[in-house]
1. Regarding residue 190, is this residue closer than 29 Å to residue 157 by Cβ and surrounded by fewer than 23 Cβ atoms within 10 Å (Cβ to Cβ)?
2. Against the condition of a type in the set (Asp, Glu), under 29 Å from residue 266 (Cα atoms) and surrounded by fewer than 18 Cβ atoms within 10 Å (Cβ to Cβ), how does residue 182 come out, does it pass?
3. On the basis of being small (Gly, Ala, Ser), within 24 Å of residue 72 (Cβ to Cβ) and in a strand (DSSP E or B), does residue 164 make the cut?
4. Which condition does residue 269 not pass, out of (1) under 19 Å from residue 45 (Cβ atoms); (2) of a type in the set (S, T, N, Q); (3) under 19 Å from the mean Cα position of the chain (by Cα), if it passes all the others?
5. Answer with yes or no whether residue 28 is more than 23 Å from residue 124 (Cα to Cα) and either at pLDDT 90 or above or assigned to a helix (DSSP H, G or I) (or both).
6. What number of residues within the range 168-179 satisfy the criterion of being buried (at least 24 other Cβ atoms within 10 Å of the Cβ) and either in a strand (DSSP E or B) or within 11 Å of the chain's Cα centre (by Cα) (or both)?
7. Report, by residue number, each residue of the range 64-96 that is exposed (fewer than 14 other Cβ atoms within 10 Å of the Cβ) and either touching an Asp or Glu at 6+ places or on another chain (Cβ under 8 Å) or closer than 28 Å to residue 284 by Cβ (or both).
8. Only one of 206, 244, 253, 248 is surrounded by fewer than 24 Cβ atoms within 10 Å (Cβ to Cβ) and either assigned to a helix (DSSP H, G or I) or among the hydroxyl-bearing types (Ser, Thr, Tyr) (or both); which?
Amino acid sequence: MAAMPYSKLSRRSFLALSAALPWALRGVASGLAPSRKIPVGLELYSVRDELQKDPQGTVRAVAKMGYQDVEFYAPYLEWSEAQAKDMRKLLDDLGIHCYSTHNDEDFFSDSKIQKARDLNKILGSRYMVLAWSDPKPTLDGWTKVAQTLNSAAEKLAPAGLKVGYHNHDTEWKAVEGKRPIEVIASNTKPSVMLQLDVGTCLEAGADPAAWIKANPGRIRSIHCKDWSPDPNVGYKTLFGEGKADWKAIFQAAENHGGVEFYLIEQEGSRYPELETARRCLEAFRSTHA
């Protein structure tokens, strides 16, 4: 969410590789095209103005389009348990899910993690994703981010929740000779999901499919956001109209990455928010088919 402030085989590498074997073997054995069974959802930051005006009405509209899941972002932490239960009832009535939430860094602090945990459990979430971390000038700073994720993973595990990290363009730009995203990947538990934001990866000049293949079993959700090198368009390009090679990304995600669900994310476009969401879903279905 770019606008949100909100060698020897190591044991860690072995565990990550082992976790990925079902997807890797499936791809090698059959050369399968991407499965149509992976659900596609919407990161609700894409319809943030509509969501602020009418949360339940917006979720209804998104479900009616055919989205199978939604990802709530930072403002959800302001809900009471009663509000969260009302939203969960709506999700159940609509037959859609909340597999993950996007969270500011302080949501993992001792003062807030318990409430975040409880709300995520009510919503039926699988992952609490760290949506943003301020750029760090040293690798040590990024290692501390990884330690925060590991600590949160230990605290949330008893509740059946896992932790994720969502990249921006900053994590692909070398610091002291190494990309921060590599520091996070190599210093976090295999259970920590590396949620790939395709658009910011492309903007930084990185290769999304190559990154997925390099981290088997850990790319369990993907923000399907395109990117245009036209500075007047950037992230406002619609899904499928930008630079992303979605066929290659889907193949890598489903044959190597262990993707569990996709999430379309849009940071604005030439259309209103809900129309943008509808058009992106139609393009996703066409491309993924």
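The values are calculated or read from the model by the stated rules, or taken from the named source; none is laboratory data. Not measured: the values here are computed from a predicted model. We place every Cβ from the backbone using ideal geometry, glycine too, and count neighbours over all the protein chains shown.
1. Yes: the conditions hold for residue 190.
2. On the way: of a type in the set (Asp, Glu): yes; under 29 Å from residue 266 (Cα atoms): yes; surrounded by fewer than 18 Cβ atoms within 10 Å (Cβ to Cβ): yes.
So residue 182 passes the test.
3. Details: small (Gly, Ala, Ser): yes; within 24 Å of residue 72 (Cβ to Cβ): yes; in a strand (DSSP E or B): yes.
In short, yes.
4. Condition not satisfied by residue 269: (3).
5. Numbers: more than 23 Å from residue 124 (Cα to Cα): yes; either at pLDDT 90 or above or assigned to a helix (DSSP H, G or I) (or both): yes.
Yes; evaluated as a whole, the condition is true for this residue.
6. Step one: list which residues in the range 168-179 are buried (at least 24 other Cβ atoms within 10 Å of the Cβ), which gives 171.
In the following step, the residues that additionally are either in a strand (DSSP E or B) or within 11 Å of the chain's Cα centre (by Cα) (or both) were identified as none.
Matching residues across the range 168-179 total 0.
7. Of the residues in the range 64-96, the ones exposed (fewer than 14 other Cβ atoms within 10 Å of the Cβ) are 64, 66, 78, 80-82, 89, 92-93, 95.
Answer for the range 64-96, where residues must be exposed (fewer than 14 other Cβ atoms within 10 Å of the Cβ) and either touching an Asp or Glu at 6+ places or on another chain (Cβ under 8 Å) or closer than 28 Å to residue 284 by Cβ (or both): 64, 66, 81, 89, 92, 93, 95.
8. 248
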